[in-house]
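What follows draws every value from the coordinates through simple rules; no lab data is involved. All figures in this text were calculated on a predicted structure; none of them were measured in a lab. When we count neighbours, we look across all protein chains shown, and the Cβ atoms used for this are built from the backbone with ideal geometry, even at glycine.
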Amino acid sequence: MPEQDFETLPNPPIIEAIIDLDVELKPGTTLEGVFDSAVAALGTDYPKHKTESVQTLDIGAPASKQQPSETRGWLFFSTDDKQIVQVRRDGFTFNRLAPYRKLDHYLSEIRRTWGIYNEIVEPARVSRVGLRFVNQVMLPREVTPEQFGEYFTTLPQPPPAAGMSLLGFFSQQKIKDSKTGLVANIVLASRDREAERGKVPIIVDIATSKHGKWERNDGSLWDALVELRDLKNRLFFGLVKEQCLTLFR
């Protein structure tokens with residue numbers, strides 16, 4: 001499906017973009033040797049790292065009887081901390097923090113680092129492609145909650161009772177695109193006014209995903225990523241009004 005054209009915003013409100021490739025491992029696969037191999041392959045561009053651990057808690061059991069934490073993977077950070085590559089037993093993640101340019105600008109690096117993960121971990125297949133964009137829309141300080149509707153096409157509303165006014169909101173929607181079958185999760189949330197800059201932050205968090213069974217070297221993984229970007233753009237530009245878009249131009 002051809003990608004729909006959308007306006008390229010000079011100052012997009014994206015504070016983080018997250019690309020996920022969830023994998024299924026071959027039977028008997030362990031993380032032994034993965035860290036050293038990842039440091040050797042990623043260390044030049046991502047010199048800082050930390051371990052990600054998980055622990056299963058047994059409710060009611062004393063601390064002495066709890067299972068020890070288990071290494072899930074590692075996070076590798078670029079020198080400026082703006083890009084993160086996650087190497088995990090259940091998948092690969094590429095994070096890009098603000099400032100953010102177009103996905104095309106990062107795609108070659110995403111493919112390169114995925115290739116490193118692919119070579120080191122050797123997963124059996126990819127089971128899910130995910131693309132998530134966390135936006136923080138900074139409304140002017142003079143905007144009141146009653147005026148949020150001038151910037152967004154849809155917002156939660158207070159009960160229709162006398163004396164009720166909107167002070168803040170948090171809403172979550174899960175949707176499916178009937179044309180493509182792609183799924184998206186949308187979170188809209190207000191945050192406390194920033195004291196320093198006096199702005200009114202609104203979070204627009206759009207997570208899209210596609211499930212399937214891709215061979216680990218299947219080039220159509222990247223076609224799926226482009227599909228998800230197109231859905232994300234349709235949702236974002238469908239949520240914001242023209243008055244909101246002027247903030248990013």
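Considering only DSSP states other than H, G, I, E and B, which GluC sites (Glu not before Pro) in segment 11-53 qualify as loop sites with at most 13 other Cβ atoms within 10 Å?
Working: sites: E16, E24, E32, E52; in loops: E32.
Counting only loop positions with at most 13 other Cβ atoms within 10 Å, the GluC sites (Glu not before Pro) in segment 11-53 are E32.
If you bin the C-alpha pair distances of the chain every 5 Å from 0, what whole percents do you get?
Bin by bin from 0 Å, the calculated values are 1, 5, 11, 14, 15, 14, 12, 11, 8, 5, 2, 1, 0.
Gap in Å between the Cα centre of segment 186-249 and the Cα centre of segment 15-37?
24
Work out, step by step, the length gained on full extension between M164 and R125: first 0.36 nm times the residue separation, then minus their alpha carbon distance; give nm to one decimal.
8.8 nm
Say the dipole of segment 14-248 comes from +1 at the beta carbon of Lys and Arg and -1 at that of Asp and Glu; which of W222, I175, I202 then lies farthest toward its positive end?
I175
Under 5 Å between amide H atoms, partner at least 5 residues away or on a different chain: which partners does L182 have, H built in plane at 1.01 Å?
Result for L182 returns D177.
Of I18, I206, I59, which is the most mobile in a GNM of the chain whose springs link Cα atoms less than 10 angstrom apart?
I59
Placing unit charges on C-beta atoms (Lys and Arg positive, Asp and Glu negative, everything else neutral), compute the dipole magnitude of the chain about its Cα centre in debye, rounded to 20.
240
Can you give the angle from 0 to 90° between the axis of helix 220-239 and the longest principal axis of the chain, with both taken from C-alpha atoms, to the nearest 10?
20
Please work out how much length the chain gains when fully extended from K179 to K50, using 0.36 nm per residue of separation minus the C-alpha to C-alpha distance, in nm with one decimal.
Difference between extended and current length: 42.4 nm.
So which GluC sites (Glu not before Pro) in segment 183-233 pass both tests, a DSSP loop state and at most 16 other Cβ atoms within 10 Å of the Cβ?
Numbers: sites: E194, E196, E215, E227; in loops: E194, E196, E215.
Listed in order of number, the matching sites are E194, E196, E215.
Which of Q172, Q147, Q136 moves the most in a Gaussian network model of the chain with Cα springs under 10 Å?
Q147
Treating the angle as unsigned and between 0 and 90°, give the value, to the nearest 10°, between the Cα long axis of helix 103-121 and the longest Cα principal axis of the chain.
With both axes taken from Cα atoms, the answer is about 30 degrees.
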